[in-house]
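Notes follow once the structure below has been shown.
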Protein chains: 2
Amino acid sequence: MSDLLERLRGRGWRLTAQRRVVAEVLDGDHVHYTADEVHARASDRLPEISRATVYNTLGELVSLGEVLEVSTDGRAKRYDPNAHHDHQHLVCSRCGTIRDVHVQGDPLSALPEPERYGFQVSEVTVTYRGICPTCSGPS
Amino acid sequence: MSDLLERLRGRGWRLTAQRRVVAEVLDGDHVHYTADEVHARASDRLPEISRATVYNTLGELVSLGEVLEVSTDGRAKRYDPNAHHDHQHLVCSRCGTIRDVHVQGDPLSALPEPERYGFQVSEVTVTYRGICPTCSGPS
DNA sequence: ATCCTACATTGGACAATGTCTAAGTCAAGA
DNA sequence: TCTTGACTTAGACATTGTCCAATGTAGGAT
């Protein structure tokens, strides 16, 4: 992750305590947190950090392509630090947990030209939904 | 669409003016409206209809499987009356418009067993993103 | 035809998530 | 070390959606 900070500094990012903390939180686990979860965890280390800063920083990381924004249904967006590997998501319909998965083939090629209706198609996301082992366990 | 109303009545749905209007709005166009757009259009015909009722009715139609809920990014959910045909979505990243598209092959089969991590996978959605002809036109 | 009552609707408060702004603060180059 | 423009902050605001108590009504029962 210090890679990440270096890379960002190289792009003219001013390195502040707040940004460092947000980056560390994202890097810590392989779970994908919501903005508020990131804020809560960042607050543990830097109590004064504000919600706005967390939102700003996450937004910047997304713009810079370092982090992916994953929005599932009506719930809060989650942030996926694993942006440099091509992958898709498996979401638990009950608790909202997200796992990264890898699919076979390129989903983009499944959309034939006549089905593109003049759009300049640049991206495709595939989201699998189901019940995770924890939620399907003995209730 | 009167099919729809019949079908719902058969399932014990009480048929009210509000529900009829909401159903008609959904059926009218092949655009996918947000809840507030549905409310605005429903209000044209039935001025007293409340936001809560529109949300309730849309929620019921979704539960009954007559309408699909499509949530793209942080924007408001949109409602897709074309629930009985298997299809995926093409979203304009600029204006949020949604088009139905049909893909080749079954996306579910692209997720190999070891990549399912014990989930009971039941559903897959594929979302293509790009710029629609209108938005990519002369700005 | 009318009456009942469970189900539906209403309006408005509330909740969750995210955005914006004005004022103060600070990283890092000169 | 100074300076300055970028960063942070707190909190108001916006959007989308949910909930509730009071009121209304569709449709079966009489």
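We did not get these values from a lab; they are worked out from the coordinates using the rules stated. Fair warning: this is a prediction, and the values are worked out from it, not measured in the lab. FYI the Cβ positions are ideal-geometry reconstructions off the backbone, even for glycines, and counts take in every protein chain you see.
Quick notes on this structure:
- Here the Karplus relation 6.51 cos²θ - 1.76 cosθ + 1.60, evaluated at θ = phi - 60°, turns the backbone of segment A:56-70 into coupling constants of 4, 5, 4, x, 5, 4, 5, 4, 6, x, 8, 9, 9, 9, 10 Hz, with x for every Gly and Pro.
- For the peptide B:96-109, the mean number of other protein chain Cβ atoms found within 10 angstrom of a residue's Cβ is 4.
- Charges were assigned to the Cβ only: +1 to each Lys and Arg, -1 to each Asp and Glu. The resulting dipole of the protein assembly as shown about its Cα centre is roughly 740 debye.
- Sorting the segments A:18-24, B:59-65, A:128-134 by their residues' average number of neighbouring beta-carbon atoms within 10 angstrom, most packed first, yields A:18-24, A:128-134, B:59-65.
- In chain A, the calculated helix contribution to ellipticity at 222 nm averages -10500 deg cm²/dmol per residue, counting -39,500 (n - 2.57) for every DSSP H run with n ≥ 4.
- Binning the alpha carbon pair distances of segment A:1-104 at 5 angstrom intervals from zero yields the distribution 2, 12, 24, 24, 20, 11, 5, 2, 0, expressed in whole percent.
- Shielding of peptide B:130-136 by partners, expressed as the average count of other chain Cβ atoms within 10 Å per residue Cβ, is 4.
- Inter-site label distance for residue B:116 and residue B:82 at 7 Å from Cα along Cβ, in nm: 2.9 nm
- Residue-wise HN-Hα coupling along segment A:102-110, computed from phi with Karplus coefficients 6.51, -1.76, 1.60 (Hz; x: Gly, Pro): 10, 9, 8, x, 9, x, 4, 6, 7
- Counting every alpha-carbon pair across the protein assembly as shown, the share separated by more than 29 Å comes to 45%.
- Close amide H contacts of residue A:97 (hydrogens built in the peptide plane, cut-off under 5 Å, sequence separation of 5 or more or a different chain): A:92.
- Cα→Cβ-extended label distance, 7 Å offset, between residue B:134 and residue B:48, nm: 3.4 nm
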